[in-house]
1. Being more than 17 Å from Leu63 (Cβ to Cβ) and away from ligand 1 (no atom under 16 Å from the Cβ) is the requirement here; does Leu91 meet it?
2. Are any of the residues in region 193-200 assigned to a loop (DSSP other than H, G, I, E, B), surrounded by 21 or more Cβ atoms within 10 Å (Cβ to Cβ) and more than 16 Å from ligand 1 (Cβ to nearest atom)?
3. Go through region 39-83 and give me each residue that's open to solvent by less than 40 Å² (accessible area, probe 1.4 Å), away from ligand 2 (no atom under 11 Å from the Cβ) and within 16 Å of Leu206 (Cβ to Cβ).
4. Please state which one of Leu254, Leu185 is in a loop (DSSP other than H, G, I, E, B) and either within 16 Å of ligand 2 (Cβ to nearest atom) or modelled with pLDDT of 95 or more (or both).
5. If you take the residues in region 15-38 that are touching a Ser or Thr at 6+ places or on another chain (Cβ under 6 Å) and in contact (Cβ under 8 Å) with a residue 24 or more places away in the chain, which one is farthest from Pro283 (Cα to Cα)?
6. Give me the residue from region 94-116 that is farther than 30 Å from Leu7 by Cα and of a type in the set (D, E, K, R) and, out of that set, surrounded by the fewest Cβ atoms within 10 Å (Cβ to Cβ).
7. Restricting attention to region 205-227, does a residue exist that is touching a residue at least 12 places away in the same chain (Cβ under 8 Å), open to solvent by less than 50 Å² (accessible area, probe 1.4 Å) and on the phi > 0 side of the Ramachandran plot?
8. Can you confirm whether region 117-127 contains a residue that is open to solvent by 50 Å² or more (accessible area, probe 1.4 Å) and closer than 22 Å to Val56 by Cβ?
Amino acid sequence: MSGDDILDVRDLKVSFAVRRAGRKYRVQAVDGVSLALAEGEVLGIVGESGCGKTTVGRAIVGLVQANGGSIRFKGVDAMGAGRAGRRAMHLNVRMVFQDPYASLNPRRTIGDSVAEAGDINGIFRDRAERSAMVAETLAAVGLNPSFAARYPYELSGGQRQRAGIARAILPTPSIVIADEPVSALDVSVQAQVLNLMMDLREQLRLSMLFISHDLGVIGQISDRVVVMYMGRIVERGRTRTVLDHPLHPYTRSLIAAIPLPDPSKRILGAIETSEPPSLFKRPSGCAYAARCPLASERCLIDVPELRSTGTDERALACHNV
Ligand SMILES: Nc1ncnc2c1ncn2[C@@H]1O[C@H](COP(=O)(O)OP(=O)(O)O)[C@@H](O)[C@H]1O
Ligand SMILES: [Mg+2]
């Protein structure tokens, strides 16, 4: 959280009203997440399905409302911002989704989808400039400019995700929030799209929040990583350090779950051998205790706070490491 941070999220909380068996509940999907993104940095958010990764991303771009905490973009309060502030935020912080169908309207051409943010914000002087900028953006993501006239169904999965990325970088934002951008793609295409994102990061000097359930993918692209479990951060640090020396038992179990080339060498982690947690019955102590090999009595009572380990931007929320 230095002066260079372009995005500073503190103690973010997001809850949802849900119905279950005829009763209404409020579940706390994100429960006090703090993270900062430095200019040009890629920060990974990792954790298994349902831990709140997408909700963090959606809260930052204003797609869901937070019920606590603060979000500052370039030092300006984004949650309390007026219309002008929100508009600047919308152009500067853009999302890439797992399923490009979520961002590409099936009834609009790729060109119209890619131009949409520019259209809404009146950035094109005339049709010619609009076409030229769309063509340039398509070329930047490795698509032939003729794709502007096509429809999403005419594209392969990888091409569609390239179009989804094109849509997020016209006009060039400061931050891209990529939510599982390669998870729906064939393995052979995943690497190409990851490479494209790394190239764009360099060329456009993007800062990125890169969300994935796959620590292997996070390891390839992010500088730092936060590990989420049930709406909270349990470990944070430089990606290399966290991957080489995971501290939290949950992080260790995620690393054990990274697919190895030789499946017989694979050790099943706790996350694959036990029940996933439910937000309907959040435990009173550490949310991971029920699955944790190190759990002690204290873990069932006290919620461990995320505390710095004193070295290398590392932080950990565990009583027993
Ligand atoms: N719009 C919503 N309404 C109700 N519950 C939601 C909504 N969006 C997400 N949730 C719940 O919040 C939790 C976190 O979801 P999400 O952020 O999508 O997790 P992740 O992206 O890590 O898989 C899940 O339990 C999910 O069911
Ligand atoms: Mg998600």
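1. Against the criterion (more than 17 Å from Leu63 (Cβ to Cβ) and away from ligand 1 (no atom under 16 Å from the Cβ)), Leu91 does not qualify.
2. No: zero hits.
3. Gly40, Glu41, Val42, Leu43, Gly44, Ile60, Val61, Phe73
4. Checking each option against the conditions leaves just Leu185.
5. Applying the filter and picking the extreme gives Leu37.
6. The residue in question is Arg107.
7. no
8. No, region 117-127 contains no residue that is open to solvent by 50 Å² or more (accessible area, probe 1.4 Å) and closer than 22 Å to Val56 by Cβ.
The values are calculated or read from the model by the stated rules, or taken from the named source; none is laboratory data. Computed from a prediction, not measured in an experiment: that's the story for all the values here. For neighbour counting, all protein chains shown are included, and Cβ atoms are generated from backbone atoms with ideal geometry for every residue, glycine included. We work out accessible area using only protein heavy atoms, side chains counted, and drop any ligands, DNA or RNA first. Shrake-Rupley method; radii C 1.70, N 1.55, O 1.52, S 1.80 Å.
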